[in-house]
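The values are calculated or read from the model by the stated rules, or taken from the named source; none is laboratory data. Keep in mind it's a predicted model, so treat the numbers as computed, not measured. Because the Cβ atoms are built from the backbone with ideal geometry, glycine has one as well, and the counts that use them run over all protein chains shown. Protein only, heavy atoms only, side chains kept; ligands, DNA and RNA dropped before computing areas. Shrake-Rupley method; radii C 1.70, N 1.55, O 1.52, S 1.80 Å.
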Amino acid sequence: MKVGIIGPPQSGKSTLYTAITGQKLDPAHLVAEHTAIVKVPDERVDHLAKVYQPKKTTHTTIEVGDFPGISSADVHGREHLKKLLPNIRNCDLLVAVLRDFRNDAVPAHRDRINAAADLAALHDDFIFADLEQVTNRLDKLEKSLKKPSKTQDQEKREQALLQRCLQALEQLQPLSTVLQHPDDALLLRSFAFLTEKPLLIVVNVSESAIASAPTLQHPHAHTILNLCASAEAEIAQLDEADRIAFLADLGISQPARDRLIQICYQALGLISFLTYGEDEVRAWTIRQGSDAVEAAGRIHSDIARGFIRAETVAYADFLAAGNDLKQVKAAGKLRQEGKTYTMRDGDMVHFKFNV
C-alpha cells in the first residue's frame with residue numbers, strides 16, 4: 001500500500017510527512033517526491049511479542065510519499081503538476097493537506113489562508129487530469145472501433161463506461177461516484193484515475209484548534225480531520241513517556257501516525273491477521289472479506305495450495321483467556337476453520353497444510 005501526501009505549497013505537507021515517517025526533509029530538496037517505508041503500529045503484535053518472546057517480530061508496513069506542492073496558479077505550476085501525475089497515480093490513497101493556520105514566518109500560498117478554496121483547486125486539478133485521460137482514450141477507441149477486431153466487444157464495453165466517466169467529470173463529479181462496481185473498476189484499473197482514489201483530508205490547524213471539529217466539508221472524502229502538523233512532528237521525535245504526556249496536554253489520545261494509518265486501512269478495506277510462536281510473531285495485511293485460503297497464500301503459495309484448515313482464535317479471546325492457549329481451548333474458543341472461512345481483523349492463525 002502506498003499513501004501519497006499532496007497539497008498546495010506551504011500547507012505543511014512535508015511537516016506531516018516528518019510526523020508520520022520520522023524523516024526530516026531538507027527545504028532545499030522539496031522539488032521531488034520523497035518516500036519512506038513506515039512500520040504500521042499494532043499493539044497486538046507488541047503484546048504477542050511479550051508473551052512469546054520470539055526470535056523475530058514483524059509488523060506490516062506501508063509506503064508513504066510526500067509530493068512537492070501542487071499549484072495550478074501559473075504555467076510553471078501546471079507543467080510541474082503534469083510531471084508529478086504519473087507518480088501520484090501510483091498511490092493507492094491520497095492525503096490532501098490544507099493550511100488553516102497563521103504563521104508570519106511561513107508565507108501563505110496565493111497570499112491567502114483558505115482551506116476550502118485550496119481544496120476546490122485540488123479537486124479541479126484532478127478532475128481535469130482525469131478528463132484528459134478519458135477524452136484521449138475515447139478518441140483512440142472511436143478510431144479503433146471502425147475496424148473489426150477480436151477485442152471489439154471489450155472495447156465497446158470500455159467505451160460505454162468511459163462515456164459515463166466523461167459525463168461525471170464534465171459535471172465536476174469524481175470517478176469514485178461512477179466506478180463503484182468491482183467489474184467497472186477492474187476494466188479501467190490501468191488508468192489509475194485520481195478522482196477514483198480514496199481521499200483523506202487533513203486540515204493543518206494551530207495547536208489551539210486541535211481539539212475542535214473540522215468545519216470543512218467535502219462530499220466525497222473518506223475522512224476529514226484536524227491536525228497540527230508542527231506539533232505532531234515534535235511528538236514523533238519524543239520518547240514514549242514524554243510522548244504520552246505531550247499528547248495529554250494537547251487533548252489527543254494518539255499521534256497522527258497511528259490515527260492516519262488506521263484511517264488508511266479503513267478507507268482501503270484492509271485488515272490484519274496474526275501468526276505467532278517462538279520463531280516469529282507477525283502481522284499480515286489482507287483485503288477485508290478475504291477467505292482463509294487467500295490469507296494462507298499471503299504467507300506462501302504452498303500453504304494455500306496444500307491448505308487443510310486454519311486453527312484460529314480471536315485476539316480478544318486470547319486476552320480474555322489470560323494469554324494461555326490451553327485456556328482458550330478449554331473455553332471452546334479455538335476454532336478449526338475451512339477454506340471458505342472469512343478472515344476477521346485480529347485473527348490469530350496457525351495454518352495446517354500438506355504439499
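Laid out as a table, the results:
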| quantity | calculated |
| --- | --- |
| Intensity falloff of the stretch 152-257 expressed as log10 I(q)/I(0), Debye formula with alpha-carbon point scatterers, at q = 0.20 Å⁻¹ | -0.96 |
| Label-point gap, in nm, between GLN180 and ALA32 - each point 7 angstrom along Cα→Cβ | 4.2 |
| Accessible area (Å², per residue) of the stretch 78-147, counting only protein heavy atoms and a probe of 1.4 Å | 56 |
| Contour minus Cα-Cα distance for GLU280 and HIS80 (0.36 nm per residue) | 67.5 nm |
| Convex hull volume of the stretch 249-354 per residue (C-alpha atoms, cubic angstrom) | 135 |
| Where a label projected 7 Å from the Cα of ASP124 along Cα→Cβ would reach, residues of the stretch 193-213 with amide N under 18 Å | 195 |
| Accessible surface of the chain [probe 1.4 Å, protein heavy atoms]: carbon and sulfur percent | 48 |
| Per principal axis, descending, Cα span of the stretch 50-116 in whole Å | 57, 32, 20 |
| Computed over the stretch 180-334, Kirkwood Rh from alpha-carbon pairs, angstrom | 19.6 |
| All Cα pairs of the stretch 128-188, percent lying beyond 15 Å | 49 |
| Cα principal axis extents for the stretch 95-214, largest first, Å | 64, 27, 21 |
| The stretch 30-73-the stretch 142-163 distance, computed between alpha-carbon centres (Å) | 42 |
| Accessible area expressed per residue, the stretch 248-319, with surrounding protein chains retained (probe 1.4 Å, Å²) | 44 |
| Calculated from backbone phi, Karplus (6.51, -1.76, 1.60) coupling profile of the stretch 61-78 in Hz, x at Gly/Pro | 9, 10, 9, 10, x, 10, 9, x, x, 9, 8, 10, 6, 9, 4, 4, x, 5 |
| Stretch gain in nm, segment GLN171-ASP153, where the contour uses 0.36 nm per residue and the Cα spacing is subtracted | 3.7 nm |
| Cα-projected label distance for ARG309 with THR58, points at 7 Å along beta-carbon direction, nm | 2.6 |
| Pair LYS329, ASP242: separation of 7 Å Cα→Cβ label points (nm) | 4.8 |
| Debye intensity ratio I(q)/I(0), log10, the stretch 178-232, q values 0.17, 0.20, 0.24, 0.30 Å⁻¹ (C-alpha model) | -0.65, -0.74, -0.90, -1.17 |
| Solvent-free Debye scattering, log10 I(q)/I(0), computed from the Cα coordinates of the chain at q = 0.08, 0.14, 0.15 Å⁻¹ | -0.50, -1.20, -1.27 |
| Protection-proxy order for peptides 239-252, 311-324, each taking the mean of Cβ atoms within 10 Å per residue, highest first | 311-324, 239-252 |
| Dimensionless Rg over Rh [the stretch 1-93; C-alpha; Kirkwood] | 1.13 |
